[in-house]
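Some notes on the structure that comes next.
What follows is calculated from the coordinates using simple rules that are stated; it is not laboratory data. No experiment lies behind these values; they were computed from the predicted model shown. We place every Cβ from the backbone using ideal geometry, glycine too, and count neighbours over all the protein chains shown.
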Amino acid sequence: MLSRHPSKEIIGKKGEELKGKTIALCITGSVAAVRCVEIARELMRHGAEVYAVMSQMAQKIIHPYLMEWATGNPVVTELTGKIEHVALAGKHSWKVDLVLVAPATANTIGKIAHGIDDTPPTSVVSTALGSNTPIIVVPAMHESMYQHQIIKENIEKLKKIGIEFIGPRIEERTAKIAGTFEIIDAVISKLMIQDFSGLRVLVTAGPTVEYLDPIRIISNRSSGKMGVAVAREAMWRGADVTLIYGLGTASPPRGVRLVNVETTEEMCKAVVSELKAKKYDVVVSAAAAADFSPSKPYKKKVSTQKVSKLVLELEATKKIVDEVKVVSPKSFLVAFKAEYKLKNEELIKRAYQRLLECNADLIVANDVGRKGTMFGADTNEVFIIDRKKNIIHVPLMSKQMVARKILDVVSEKLKLGRKRD
Ligand SMILES: Cc1cc2nc3c(=O)[nH]c(=O)nc-3n(C[C@H](O)[C@H](O)[C@H](O)COP(=O)(O)O)c2cc1C
């Protein structure tokens, strides 16, 4: 026999947020069970070991072999002399870190709410309730079932005892299982240290655009991946996050409040109005604003039949980051400085100069002219510089990991007390 299942090769491929964590994925008899492979494997990509536990009805919808393949672990399909429910969720040091019931049928929710455990998933949940193991329930059913008064009461009852519910999404008269990324975000938030809990974080990300005429723009190649990674990381670590987002291609996480903007002026106004409306503890200015804007944009589409040569006059746009400390002096400001093909010394020198100009608390410098750090890459190499000119070099790694390093420094500076794992 193989000592390690080949399916486990993907563990940690996307990140280490769930490294060393074990999750019991309880699958019940909903059509949404077809999503369990994706959910299990995404959890694994973030570092988790997953053990599937299936009800009889779930086993009629997807075969346990599929979940064994997906997780690389034996699947619990019945309780035997091995007392699988206790082995997974009992009060002992090797129990799972979290029980995820996804999808959860109306039937299983009802049973949990009434302390009934007569299926492998309900027995695991019962045991987890008694051993203080976090439980997340992800319902999926027809809308008519979901609107049933008793089911609503059952859900409320379970929320009151600390069980977290994710979704459902009401679509096509169905209470559909939440999106995979929403589920993964909820699991990570539950298991990561919540050092940013109670803090409000404002992040700007993506490129802004400037219009030459109503349909043509000038911009830059920023994808928004770095800023979105920072927003996601802050959300995972418990912050209340607002993301002011230009026209980036990276998908922002569902759990952040999203403000979409296009132009530099719009982004600037949005930042100022957010800072005036609420107290933000941290501002991370990762957007790549279009630095130049046409002095006189054309009001109508410029016709190529009539105009064969177009000369544009551009003027520098306002620096958004310069406004932050003026409007909100108490916010901890993290600025970014992108340069092109510079020696490290010069990159750091210019970034530090910029930190002083915008009165930032930290500046993150990167050179977008290097291999693996260009706009749009999934990786980055940065220097994090503070006001005392202490420099932390973050070598080439995923943007999500870079975001973690940046927020680790913020956490340390603000004494948020994050225990390093
Ligand atoms: C194909 C199929 C799809 C089903 N989908 C759902 C569903 O999405 N949600 C739900 O609550 N019940 C659904 N049911 C009904 C449940 O399977 C049924 O209530 C069963 O008793 C649930 O048992 P369990 O909670 O132990 O898995 C479905 C049944 C079948 C046959």
Tell me, what is a quarter of the convex hull surface for the C-alpha atoms of the chain, in nm² with one decimal?
25.6
Give the aspartates and glutamates reachable from Lys371 as a straight Cα distance under 14 Å; neighbours fewer than 8 places away on the same chain don't count.
Glu339, Glu381
Using a Gaussian network model on the chain with a 10 Å cutoff between Cα atoms, which of Leu243, Leu66, Leu362 fluctuates the most?
Leu66
Just subtract the alpha-carbon distance of His5 and Leu312 from 0.36 nm times their residue separation and send over the number in nm, one decimal.
104.4 nm
If Glu233, Glu17 are placed from fewest to most neighbouring beta carbons inside 10 Å, the sequence is Glu17, Glu233
Based on other C-beta atoms within 10 Å, arrange His148, His46 from fewest to most.
His148, His46
Using only Cα atoms and rounding to the nearest 10 degrees, what angle (0 to 90) does helix 344-358 make with the longest principal axis of the chain?
80
Using C-alpha positions alone, give me the convex hull volume of segment 200-413 per residue in cubic angstrom.
131
Mean separation of Cα contacts under 8 Å (at least 6 apart) over the residue count of segment 200-413, i.e. the relative contact order in percent, is 20
Report the GluC sites (Glu not before Pro) located in segment 120-186 that are in a DSSP loop and have at most 11 other Cβ atoms inside 10 Å of their Cβ, or state none.
Glu172
Computed [θ] at 222 nm, helices only, for the chain once each DSSP H run of length n ≥ 4 contributes -39500 (n - 2.57)
-10000 deg cm²/dmol
Filter the cross-link list Lys389/Lys415; Lys337/Lys389; Lys14/Lys190; Lys190/Lys276 down to pairs whose alpha-carbon distance in this structure exceeds 21 Å.
Lys190/Lys276
What nm distance separates the two modelled labels at Arg173 and Lys341, each placed 7 Å from Cα along Cα→Cβ?
6.2
Based only on Cα atoms, what Rg/Rh ratio does segment 122-207 have, Rh being taken as Kirkwood's radius?
1.05
Quick check: the angle from helix 180-191's long axis to the longest principal axis of the chain, C-alpha only, nearest 10 degrees?
80
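Would you please give the FRET efficiency between Thr80 and Lys371, computed as 1/(1 + (r/R0)^6) with r the Cβ-Cβ distance and R0 = 45 Å, to the nearest 0.05? Write out the running numbers ahead of the final one.
Values: r = 54 Å, r/R0 = 1.19.
In this case the efficiency is close to 0.25.
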Ranked by Cβ crowding within 10 angstrom, fewest neighbours first, how are Tyr352, Tyr298 ordered?
Tyr298, Tyr352
